[in-house]
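The values are calculated or read from the model by the stated rules, or taken from the named source; none is laboratory data. Please read all numbers here as calculations on a predicted model, not as lab measurements. Positions of Cβ are backbone-derived with ideal geometry, glycine not excepted, and every protein chain shown enters the neighbour counts.
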Amino acid sequence: MSGAPKPFQAVVGTTVWLVTNGRRVAGPVSTGALLRAIGRGLLDADSLVRQPTWAAWRPLSQVREAEAWFGGAASSSSVEEWLDRASDRGEIVHFALVAAQLATGASWGMAHVRRGGSFVTSCVAGDLSVADHLGRVVEPRDPLVQVARAGKVYVGEVRRGDPEPEALTVARRLGDAPELVGVAMVPLLGHRRLLGMVEVGRREHPFRAEDRALLERLAWGVRIRVR
C-alpha cells in the first residue's frame, strides 16, 4: 500500500451491483448491501451479479469484493488490503470482519454495528447460524463494549481454570462451542466514537501474540481511515 489512506466520504458514482437468481433481477445495490446479504445467508458463491457496465454476469465467488467469503483469498492477505476495499463506513465493518478472520485463522466471527446507543449483530462468519445471531442487540453496559470504548483490543482464553468475564461473554455470543478455545475483540473507532466491534473465536489453540499484533493493526487501520 502506498501513501496515506484517504478518509471515507460520500462519493457520487459509488460501485453498485445487480443481482439475479436466474429469474428475477434485483438492484442496484451498494457493495455494503451486497456483503450484508452474503453475511445473512441470502446469497451464496453461485449467486450471479454484475455491475451495470459489465456485459456478462459473474458468480459471487469470482468477484473481488466478495471472494473472501467463499475461500477465494489467502489467509495471508494484509489487513490493509481488505480495509482499502471498503468505500464507506458501512462496508469497513464487514471487511474488518473478513480481515480479522483471515489474518488470524479464526474459526468463527461476527460484527456488531452501532444503532443508536446499542450495537446490533450485522454479519457472521464461519459456521455460525445466521438465523440465531443476526439482529441480536449488544447493550452499552456489555463488558466488551466498555473495553472497545477505550480503544483496546481484547484477547482471552475460554478453556482455562478461571476464564475472564470478557472471554466468557464473547464465547456465549459465538455459540459457546465445546471446541472454542481462544476469543478476541477488535474495536472499530472513528470520529472519536465507537462505530462497532468485531469478535472472533478460534478452535484448537488460543490467539497468539502475533494474532494480537495483527488485530491491533486492524483497529488502527480502521481508525485512520474513518475520520
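Within region 86-138, the set of residues being farther than 22 Å from Glu179 by Cα, free of Cβ contacts under 8 Å to residues at least 24 places away in the same chain and touching a Phe, Trp or Tyr at 6+ places or on another chain (Cβ under 8 Å) comprises Val137 only. Restricting attention to region 144-164, the residues that are more than 22 Å from Ser107 (Cβ to Cβ), touching a residue at least 12 places away in the same chain (Cβ under 8 Å) and not in a loop (DSSP other than H, G, I, E, B) total 2. Selection over region 150-165 of residues that are modelled with pLDDT of 95 or more and in contact with a Leu (Cβ under 6 Å, 6 or more places away or on another chain) gives a count of 1. At least 3 residues being of a type outside the set (Asp, Glu) and either modelled with pLDDT under 80 or under 13 Å from the mean Cα position of the chain (by Cα) (or both) is the threshold, and among the strands (runs of 3 or more DSSP E) wholly inside region 31-141 those reaching it are 108-115, 118-125.
Ala177 - would you say it is in contact with a Pro (Cβ under 6 Å, 6 or more places away or on another chain) and in contact (Cβ under 8 Å) with a residue 40 or more places away in the chain?
In short, no.
Looking only at region 180-220, which residues are of a type outside the set (A, V, I, L, M, F, W, C) and in a strand (DSSP E or B)? Gly182, Pro187, Gly190, Arg193, Gly196, Glu199, Gly201, Arg202, Arg203 - these are the residues of region 180-220 that are of a type outside the set (A, V, I, L, M, F, W, C) and in a strand (DSSP E or B).
Considering region 168-179, the residues that are within 19 Å of the chain's Cα centre (by Cα) and surrounded by 15 or more Cβ atoms within 10 Å (Cβ to Cβ) include one that is farthest from Leu128 (Cα to Cα), namely Thr169.
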